[in-house]
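The values are calculated or read from the model by the stated rules, or taken from the named source; none is laboratory data. All values reported here derive from a predicted model rather than from experimental measurement. Cβ sites come from the backbone with ideal geometry, for glycine too, and all protein chains shown count toward neighbours. Note: accessible area is taken over every heavy atom of the protein model, side chains too, but ligands, DNA and RNA are not part of it. Shrake-Rupley method; radii C 1.70, N 1.55, O 1.52, S 1.80 Å.
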Amino acid sequence: MRSAAADCNLSLPLARPLARARARSCVADHIALLLHMHQPEYRDPETGRPHMPWVRLHACRGYTDVPVLAAEAGAQPTINVVPSLLLQLQAYREGGTDHWEQLSRLPAEELHGEDLQFVRQRFVHGHPSMRLQSPRYAELAGRAEGLRDPRELRDLQVWSNLAWMGSVARRDPLVAALVEQDRGFSHDQLLALMDTQRRLVAGVLDLWRAHPSLSCSPLCHPILPLLVDFRHARRCMPHLPADLGLAGTFAWPEDALRQLTEGLDVCERLLGRRPPGLWPSEGSVSPEVLDLAARAGFTWVASDEEILHRSDRDRPARLDGPWVRARDEAGLRLAFRDHGLSDRVGFVYATWPGAAAAADLLHGAQERWGYGPGAVPVILDGENPWESYPDAGQAFLQALFSSGRVCSMDAFCQAPAAGRVHRLHTGSWIDGDFRIWAGDPEDRAGWALLAALRRAWEQAGRPEAAWPHLANAESSDWTWWFGPEHHTEVADLFDALFRAHLAAGWLALGQEPPAELGAPLLGAGEDAGLLLPHDVVAPRLNGHLHPSDWAGAAALPPPQQGSMSRGKSWLLGGAVGVGGGYLHLRLDVPGEPPELVLERKDLPPIVLSEALYPRDPPADPRAARVAVSRAAGLIVAAVPWSGGEVYLAIRSPDGHRHPAEGWFVLRPPPAALSAP
């Protein structure tokens, strides 16, 4: 089979070993780079057709660009693969298609009814910068809902695929000519583009098979610590409700192990090897997960620096070298990524000149180096960042890969140990906890549905036909979009696909799916803007967080983010409650608190500033009109409250508002209304 590179008229040394010594070494001025390639199982369990096109589209961009540009420069970054993604790439290579591709190939004159509405609504998705690269695409996207002219619809069909062509794909003469033409495409040109796209998708597995350094994630990208025992979320989230409902009964460590071992099986079958390293989904780890990883045969596991900082260890936290577990020095190596450097690639450098961005990243790694045994790990999403780069990241990646200062995670983990971990923190790369996947009632409603299926599967004797559906339902991608933290235009499709996997599992058991699977989970709970404390509170204002003080408060959700979550935004969430004639507000912020503003409907705003209010108010907060206590990562305030509902919002110094529109509505608990 021809490779994607060959179809783009490239001549690449894909089969030869990359022998540059500087690319194999992993020393002080290097970064150990891991790029994570991940999509969940989009195929409908009934029809086998993907609900969404992201596997096909990313294959034309990051999935192809990263291995080709690295091979050309002789660099050896680690490519991390999710096995469920590999299975979908193989399905496309064998002729599979998706609804979006079918509509892309349909003559524009034949788009009517639901098909026409689908194209208008869905063919403008993707990062805004991808639409801005074409005057025609930007114009059509701005008035997509009213498009009827077949010429305009055909241009939209072309650009919804052409915009995803990465730097390697644009070397193809046809692709380059279409980009230059910009508009007025013929149906034959559209079909030629789609055929070129097909060849690119078919070549990705060959490129990855030839890449020197691979690692992998579990089979279907589940949050492993929560599979082991959902209640372990309390280790990093002590504020979870006392009653977790049916979600709290999910405790199946054997599922976690099977996700690991079958993921390795898929890699061996499709890529010809069992990768030695594990990037657990979302960097989620626990002591139990490390034991399972070792049993599955992995030699190293990577996570985020927040995990290391919150773990018990024998020396100060440092990232420039692998760690080992105490009493298991010859076992697993543990790598912890530099959060700040990794975020620069995903969220900062898109607007920089590529060479300057690469130089800044490498300089940052030098500054982070603490005279340890190895380089500094940089681990991030390997596909989504390049949507925001105007050249699909080409200039940055070429400058970085040609620097001679990029090494693999395999090489990094061969360095002498930087220290020993006595007790590993349980958590993920996002704030060191699991709030994204377990912190909201919508999340736990999803886990309850999953727990019911898992229990039924156990009671039925674990029939093998149901396992693929259960494994896919265990993916982290569904609960990523539940709750208030993230937003996407296709959240409804993620919701529906999660429930479809669950329903297929029940049917494989020979049982009728529960009726609740027919209703969406998104938005099924309380009004997203409604805050419902269940008891009065009287928090202390002394610069420290006292979790028990907030037991009766309502959680204040963080602002929404997209699929490219940074983990830490200007506001990480908090809590709101009432008691003793006061509105009590806790805001969790990254680092030193900014001067946030509390807005209340029809009342003057309050600047939550030490400069205006005392840091250490009297024991009775009613002695002060407004009391504010501030410490690193924390703002606690007590504001006079006259009873009744409170309409509130939080504003940052640079103009961000939460919520962006409207108000949060705090509805007092009965105990507050009956208090004297």
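Overview of values
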{"read-out": "Test item: Cα-centred dipole of the chain, Lys/Arg +1 and Asp/Glu -1 on Cβ, debye", "value": "1520 debye"}
{"read-out": "Shape category assigned to segment 305-445 from the gyration tensor of Cα positions, a/c cut at 1.5", "value": "oblate"}
{"read-out": "Degrees, to the nearest 10: 354-368 long Cα axis against longest axis of the chain", "value": "50 degrees"}
{"read-out": "Folded to 0 to 90 degrees: helix 441-459 orientation relative to the chain principal axis, Cα", "value": "70 degrees"}
{"read-out": "FRET efficiency, L116 to H656 (Cβ-Cβ, R0 30 Å, nearest 0.05)", "value": "0.20"}
{"read-out": "Surface accessible to a 1.4 Å probe, per residue, for the residues of the chain, Å²", "value": "37 Å²"}
{"read-out": "Environment charge at D338 (Cβ cut-off 13 Å; Lys +1, Arg +1, Asp -1, Glu -1)", "value": "-2"}
{"read-out": "Distance (nanometres) between label positions extended 7 Å along Cα→Cβ at R49 and D29", "value": "5.6 nm"}
{"read-out": "Whether segment 282-367 is rounded, prolate or oblate, judged on the alpha carbon gyration tensor where a/c under 1.5 counts as rounded", "value": "prolate"}
{"read-out": "Residue list for segment 195-238, given a label point 7 angstrom along the Cα-to-Cβ vector of E458 and an amide N cut-off under 14 Å", "value": "227-231"}
{"read-out": "Computed magnitude of the charge dipole of segment 328-415 (debye, nearest 20; Cβ of K, R +1, Cβ of D, E -1)", "value": "240 debye"}
{"read-out": "Carbon + sulfur, % of accessible area of segment 286-409 - ligands and nucleic acids excluded, 1.4 Å", "value": "50 percent"}
{"read-out": "Rounded accessible area of S160 (nearest 10 Å², 1.4 Å probe)", "value": "10 Å²"}
{"read-out": "The chain - share of DSSP beta bridges that are antiparallel (%, nearest 5)", "value": "60 percent"}
{"read-out": "Per-peptide average of other Cβ atoms within 10 Å, ordering 115-127, 63-75 highest first", "value": "63-75, 115-127"}
{"read-out": "Hypothetical label at W467: residues of segment 273-307 whose amide nitrogen lies under 16 Å (7 Å Cα-Cβ projection)", "value": "296"}
{"read-out": "Estimated distance in nm for a label pair at W663 and D149, the labels positioned 7 Å out from Cα along Cα-to-Cβ", "value": "4.7 nm"}
{"read-out": "Separation in nanometres of the label points that stand 7 Å from Cα toward Cβ, at E109 and L132", "value": "3.8 nm"}
